[in-house]
Amino acid sequence: MDECGEPYEIIVVDSKESIDNTSGVCEENGVRYVIQEETGFADAFCIGIRFAQYQKFFIMDSDGSHNPEYIPDIYHIFMSENADVAIGSRYMEEGVTNDTLISQFISRSLNRIYGVVIGIPAKDMSTDFRLYHTCSLKEVEPELISVHFDVVEEVLLRLKIKKSSQGKKIKVVETPIIFDNRMFGNSKRLLFAFSIAYITSIFRLSALRLKATIKKHNP
């Protein structure tokens, strides 16, 4: 973060059932530690948004799969392209993922579907390794209804709808990353529940986009 040349604060959102010394490590390093009372990735994401105080909002997983060395790359493309969202992408040219083949197949398939549903030509829409404008997130955060990981797709659509209501187009840019295997913790993505949640989300977001389109043309 120091390479980006902007003031920043690190916020760690942890579950209330935490069994490690995350709070102690945060205290030692001057990091804001926030306990998540509810469950679900979406709730943790929203908590981070509410606590954010600076102009830009960078989100990444803390299990080691998102390498912080890519933060400057994501920041620089965000700034140079005057983007609304910058994504650390596994699936663009030079991007790499170390997921299993079945996970890659499911993820790539979902990304293609979401690209059509949301109408944003990004190659990696299911990653949360991103940079946003904090003010934009604070505007749409109260509208977010996802509970699970599908909030990362929902927030893109909400931001797109918000920009469209202002007569503007959302600009989403990507830069390649290497997605590593997790170093800490266990995955909370159970395959069956994960699949059902995303299938439900596809229909819900399709309806949301259709509703926004109708409203735009019939104010």
Within segment 140-156, is even one residue at pLDDT below 95, polar (S, T, N, Q), surrounded by fewer than 22 Cβ atoms within 10 Å (Cβ to Cβ) and under 13 Å from the mean Cα position of the chain (by Cα)? no
Scan segment 41-59 residue by residue and report those that are surrounded by fewer than 16 Cβ atoms within 10 Å (Cβ to Cβ) and either within 26 Å of ALA197 (Cβ to Cβ) or without any contact (Cβ under 8 Å) to a residue 12 or more places away in the chain (or both). ARG50, PHE51
Only one of these conditions is not met by HIS66: (1) in a helix (DSSP H, G or I); (2) in contact (Cβ under 8 Å) with a residue 24 or more places away in the chain; (3) within 17 Å of the chain's Cα centre (by Cα). Which number is it? (1)
For residues that are part of a helix (DSSP H, G or I) and loosely packed, with under 12 Cβ neighbours inside 10 Å, scanning just segment 1-26, find the one that is farthest from the chain's Cα centre (by Cα). GLY24
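I'm trying to understand the selection: among the residues of segment 69-105, which are among the aliphatic types (A, V, I, L, M), within 29 Å of LYS162 (Cβ to Cβ) and part of a helix (DSSP H, G or I)? Please lay out each step first, then the result.
Taking segment 69-105 first, the residues among the aliphatic types (A, V, I, L, M) are 71, 74, 77, 79, 83, 85-87, 92, 96, 101-102.
With the extra rule that they be within 29 Å of LYS162 (Cβ to Cβ), the set shrinks to 71, 74, 77, 79, 83, 85-87, 92.
Selection gives ILE71, ILE74, ILE77, MET79.
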Single unsatisfied condition, ARG112 versus (1) surrounded by 18 or more Cβ atoms within 10 Å (Cβ to Cβ); (2) farther than 16 Å from TYR8 by Cβ; (3) of a type in the set (Lys, Arg): (1)
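Which residues, taken from segment 72-121, are touching a Gly at 6+ places or on another chain (Cβ under 7 Å), at pLDDT 95 or above and within 25 Å of ILE202 (Cβ to Cβ)? Step through it out loud before you land on a result.
Just the residues of segment 72-121 that are touching a Gly at 6+ places or on another chain (Cβ under 7 Å), to begin with: 74, 89, 121.
Narrowing the set further to residues that are at pLDDT 95 or above leaves 74, 89.
Within segment 72-121, SER89 is the sole residue that qualifies.
The values are calculated or read from the model by the stated rules, or taken from the named source; none is laboratory data. Source: prediction; values computed, not measured. Ideal geometry is used to build each Cβ from the backbone, glycine not excepted, and the neighbour counts take in all protein chains shown.
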